[in-house]
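To start, the structure itself, in structure tokens.
The values are calculated or read from the model by the stated rules, or taken from the named source; none is laboratory data. The shown structure was predicted, so the numbers you read here are calculated from the model rather than taken from an experiment. For neighbour counting, all protein chains shown are included, and Cβ atoms are generated from backbone atoms with ideal geometry for every residue, glycine included.
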Amino acid sequence: MGLVLRYRGRDIHSEDVESVKALIAAGAPSRRALSQQVCQLWGWVQPNGNLCDATCRGLLLALDRAGHITLPPARWTRRRPPRRPGVPLQPVEVDTSPVCGSLRDLGPVALRDVRYGAEAQLVHGLVHQYHYLGYVQPVGEHLKYLVTARDRPIACFCWSSAPRHLGPRDRHIGWSPEVRQANLRLVAYQTRFLILPWVQVPHLASHLLGRMARQLSADWERAYAHPVLFTETFVDPTRYRGTCYRAANWIWLGRTTGRGKNDQTGRPNRSLKDVWGYPLVRDFRERLCAGAPS
């Protein structure tokens, strides 16, 4: 049973390829139907019970391009260049009058999960317009939060699935590559944290990080049927010192190598980032290093 390729952490062997060929020969009506049949045959499902359809379609395309299979003809092709989903072409319009004073002066602060709808579009627009990295639609499991005070937006959070390989994080947790592959879904990556530039409230950032830590896992479990045990983020040391993370008791885990996730040369090709982490449960190491996902 020879190894044909590895895709998204899954080993594909010659027997797997033959099973896909058999489904194609049986007359799969479309590429989407074929990917669903493959997921059902392999028991390839997400923790929430949904088929890994999008990932499987990427795998089938990789097998087709490598000459291992011949996919049914595509029924639909994109005729226009893709546009980043959810990012408005025009700047969003919000009240930009200064918000100053103390945390007490803000009044009640709400953190709302807004993955869909008009508030999600507002988060996209605010991050796109006011965060120095802009907005990029995440792939896979993700959550987005709009933070408001007195019905005014004051901040945004974006979370996504964690990077597969991250040396400082992996050494801190102490898991093996096999266990990491099984349990990586229990780690969430904070891709964006934005406090809007007209909001000048001392200690607001660390306060929001603390609030976020108390509600993230429950929200993630409602959305994806599993909790989050550990969180992580990158900080560019040429711009920020990570003061708010330190104040919120996050842990400095180390610095990236600057090679990125698809490194082919072994040489740095991007700026180095500080890696910060925060455990959401006390026994995070025991649960993340368990042989089977908890």
Exercise. Is it the case that some residue within segment 40-51 is in contact (Cβ under 8 Å) with a residue 24 or more places away in the chain, under 27 Å from the mean Cα position of the chain (by Cα) and in a helix (DSSP H, G or I)?
Worked result: yes
Exercise. With respect to Glu141, is the statement that it is at pLDDT below 95 and touching a helix residue (DSSP H, G or I) at 6+ places or on another chain (Cβ under 9 Å) true?
Worked result: yes
Problem set entry | Only listed residue being in a loop (DSSP other than H, G, I, E, B), touching a strand residue (DSSP E or B) at 6+ places or on another chain (Cβ under 7 Å) and closer than 18 Å to Gln121 by Cα, chosen from Pro163, Pro138 | Pro138
Exercise. Out of segment 221-250, which residues are out of contact with any helix residue (DSSP H, G or I) (no Cβ under 9 Å at 6 or more places or on another chain), more than 19 Å from Leu133 (Cβ to Cβ) and not acidic (Asp, Glu)?
Worked result: Arg222, Ala223, Ala225
Exercise. Can you spot a residue in segment 199-211 that is among the charged types (D, E, K, R) and modelled with pLDDT of 95 or more?
Worked result: yes
Exercise. Can Val87 be described as within 27 Å of Pro197 (Cα to Cα), at pLDDT 85 or above, of a type outside the set (S, T, N, Q) and assigned to a loop (DSSP other than H, G, I, E, B)?
Worked result: no
Problem set entry | Residue, surrounded by the fewest Cβ atoms within 10 Å (Cβ to Cβ), within segment 184-233, restricted to residues that are aromatic (Phe, Trp, Tyr) and over 21 Å from Phe284 (Cα atoms) | Trp198
Exercise. If only one of Leu122, Leu111, Leu146 is assigned to a helix (DSSP H, G or I) and among the aliphatic types (A, V, I, L, M), which one is it?
Worked result: Leu122
Exercise. Hey, does segment 161-183 have a residue that's free of Cβ contacts under 8 Å to residues at least 40 places away in the same chain, of a type in the set (Ser, Thr, Tyr) and closer than 27 Å to Asp113 by Cα?
Worked result: yes
